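All remarks here apply to the structure that follows.
The values are calculated or read from the model by the stated rules, or taken from the named source; none is laboratory data. Keep in mind the model is a prediction, meaning the values are calculated, not measured. Cβ sites come from the backbone with ideal geometry, for glycine too, and all protein chains shown count toward neighbours. The protein model used for the area step is the full one, side chains on, heavy atoms only, and it has no ligands, DNA or RNA in it. Shrake-Rupley method; radii C 1.70, N 1.55, O 1.52, S 1.80 Å.
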Amino acid sequence: MGNQAPPTLQQLAIKGLLREEALAISALEVMPWMLLPAMFEVAFKNRQTNVLRAMVPIWPFPCLPVGALIKTPHLETLKALLDGLDAFTTQMACSRKGKVRVLDLTTTDTHFWSIWAGNYEGDCSQQVVRHEQPMETCHDPGMKNNLKVVTDLKLVDNDTKDYANHLAQWAQQRKGSIHLCCLKLQIWESCISNVIEILKSVDLHCIRELHLRDLWIDDMAAFGPYLGQMRNLHTLVLEGITNTFRMDESQGLEEEWISTLLSQFPKFHCLQHLYINDIYLLVGCMREWLRSLKKPLETLSITYCHLSQEDLDHLPQCLNLSELRHLHLNSVFLDEWLGPLGLLLERVKATLQDLELEKCWLEDSQFRMLLPALSQCSQLTKVNFIDNNLSLPLLMQLLHNIAKLSKLTQELYPAPLECYDHRGLVLVDQFDQLCPELLSIIMRKRKPRKVTFATRQCYKCFNHSIYELESRHCLCWQ
Ligand SMILES: [Zn+2]
Ligand SMILES: [Zn+2]
């Protein structure tokens with residue numbers, strides 16, 4: 001059903017009723033329950049907070065999956081929903097009694113709403129049955145008779161902070177009766193005392209994903225006790241932990257933070273995905289980081305970091321990396337000897353699905369050490385080697401090795417060094433001639449799905465020349 005379809009009688013009736021708010025609210029007492037979702041959706045879109053406040057206590061399902069309707073968080077709407085929950089618990093609402101147990105602010109499942117708005121075209125019986133049951137997102141035996149608010153929390157900008165603060169404060173005041181279940185927590189450049197308040201009001205066991213970005217090293221130690229309680233964390237993203245300029249003092253703080261963080265790692269029994277981006281403190285500490293983990297990782301992503309030879313040497317020995325599926329080392333400064341990385345690839349050849357070594361500026365002599373293991377990684381679906389300094393003979397050898405890997409669906413390779421003149425400018429004729437030759441090496445073995453050859457960024461126009469079955473040159477040649 002397109003946007004052009006004329007409104008149904010039901011939609012017209014709801015729209016008309018909502019024009020008279022007081023009338024709409026009094027009609028809630030007698031309205032057939034199956035009309036409530038459609039009415040809620042329209043009232044939500046109109047931000048008619050009085051109507052929403054009155055509807056929560058009479059909501060006829062255990063779950064109110066309002067998250068699917070939220071485009072941008074709106075504080076007044078949130079307040080109305082929470083007021084509605086309060087009215088439900090204190091039984092101050094109208095004589096009609098609802099069933100709500102879970103206010104879900106996260107879901108992206110929009111089926112619920114399309115079923116009740118009458119424009120869902122699939123089999124709706126399944127969906128309805130599912131929403132008859134309270135959503136099980138966390139194991140929380142102590143809270144059986146109470147209400148749960150499921151949410152992702154962002155402390156990213158002023159709007160998200162106000163929203164998160166209000167929710168946290170509200171939950172804090174009702175701690176015995178409300179379970180604030182935060183699945184994903186993102187903290188960027190935040191005031192640390194504010195963050196601690198939020199951490200106090202959510203159940204830390206429920207957090208599955210934690211993103212910490214652009215924080216000062218001084219603030220990190222304060223996180224320690226809270227991190228250790230996140231026993232169900234499966235994804236940890238650490239980005240750009242910044243040093244203050246008090247160099248003399250910061251040395252001690254760095255060590256304190258690293259040892260605090262690493263002492264919490266063994267408690268993350270579920271951690272599977274570790275993303276480390278732009279953490280200068282990582283260099284020389286890889287052994288300590290990985291040794292602290294208690295479970296094999298599925299994803300190890302290290303970007304904009306420096307790995308020393310000592311760090312690299314440790315990778316193939318680490319038992320926690322033996323089942324890796326995703327290995328990303330983009331924009332990583334790697335030391336000369338890549339033998340250990342070859343050994344790591346050898347170890348994970350049965351599980352590795354995606355390998356990214358973009359912008360590592362590796363030379364032939366380094367990359368050659370990866371080739372034997374690479375050709376055995378039979379599960380690979382994606383490789384990205386763009387922005388490495390590889391010659392035509394080495395690329396040919398690489399493609400011969402990789403042509404056998406039949407599961408690859410996405411392949412990105414650097415244009416060979418032979419495509420540049422002595423100033424580093426692209427020789428377009430060479431590029432246009434060599435890329436199809438390279439591609440044909442793969443095509444002799446299998447039909448490639450998506451293969452890209454890219455030059456490095458042109459220093460005049462800042463674009464790349466790209467070959468994907470046909471060439472697209474940088475702007476200098478158009
Ligand atoms: Zn929970
Ligand atoms: Zn250019």
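Can you say whether Thr49 is open to solvent by 10 Å² or more (accessible area, probe 1.4 Å), polar (S, T, N, Q) and within 33 Å of the chain's Cα centre (by Cα), as far as the supplied structure shows? When the stated conditions are applied, Thr49 passes them. The residues of segment 268-300 that are farther than 13 Å from His234 by Cβ and open to solvent by 10 Å² or more (accessible area, probe 1.4 Å), listed by number, are Asn277, Asp278, Tyr280, Leu281, Val283, Gly284, Cys285, Arg287, Glu288, Arg291, Ser292.
So that you can scan it fast, the table gives a plain yes or no per residue for (1) part of a strand (DSSP E or B); (2) closer than 26 Å to Lys175 by Cβ; (3) of a type in the set (Lys, Arg); (4) modelled with pLDDT of 90 or more:
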residue	(1), (2), (3), (4)
Pro57	no, yes, no, yes
Lys71	no, no, yes, no
Ala80	no, yes, no, yes
Cys94	no, no, no, no
Cys138	no, yes, no, no
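Applying a threshold of 9 Å to beta carbon distances and a minimum spacing of six or more residues, or different chains, the list of pairs starting in segment 460-478 at a residue that is assigned by TED's automatic domain parsing to the domain that holds Leu438 and at positive phi and ending at one that is near ligand 2 (Cβ under 6 Å from one of its atoms) and open to solvent by less than 50 Å² (accessible area, probe 1.4 Å) reads Phe462/Cys474. Can you name the residue in segment 1-25 that is more than 26 Å from Cys63 (Cβ to Cβ) and in a helix (DSSP H, G or I) and, of all such residues, is most open to solvent (accessible area, probe 1.4 Å)? The selected residue is Arg19. When the test is whether a residue is of a type outside the set (A, V, I, L, M, F, W, C), farther than 30 Å from Cys206 by Cβ and touching a His at 6+ places or on another chain (Cβ under 7 Å), Glu356 passes it. For His314, the conditions (1) of a type outside the set (Asp, Glu); (2) open to solvent by 30 Å² or more (accessible area, probe 1.4 Å); (3) modelled with pLDDT under 95 are fulfilled apart from (2). For segment 152-204, a residue qualifies if it is at pLDDT below 85 and touching a Pro at 6+ places or on another chain (Cβ under 8 Å), and the qualifying residues are Asp159, Thr160.
Within segment 327-341, how many residues are closer than 16 Å to Glu356 by Cβ and either open to solvent by less than 10 Å² (accessible area, probe 1.4 Å) or assigned to a loop (DSSP other than H, G, I, E, B) (or both)?
Residues meeting the conditions: 7.
The set of residues in segment 200-219 that are touching a strand residue (DSSP E or B) at 6+ places or on another chain (Cβ under 8 Å), away from ligand 1 (no atom under 13 Å from the Cβ) and not in a strand (DSSP E or B) comprises Asp214, Leu215, Ile217.
Of the residues making up segment 271-327, those that are among the polar types (S, T, N, Q) and under 21 Å from Lys382 (Cα atoms) are Gln272, Asn277, Thr299, Ser301, Thr303, Ser322.
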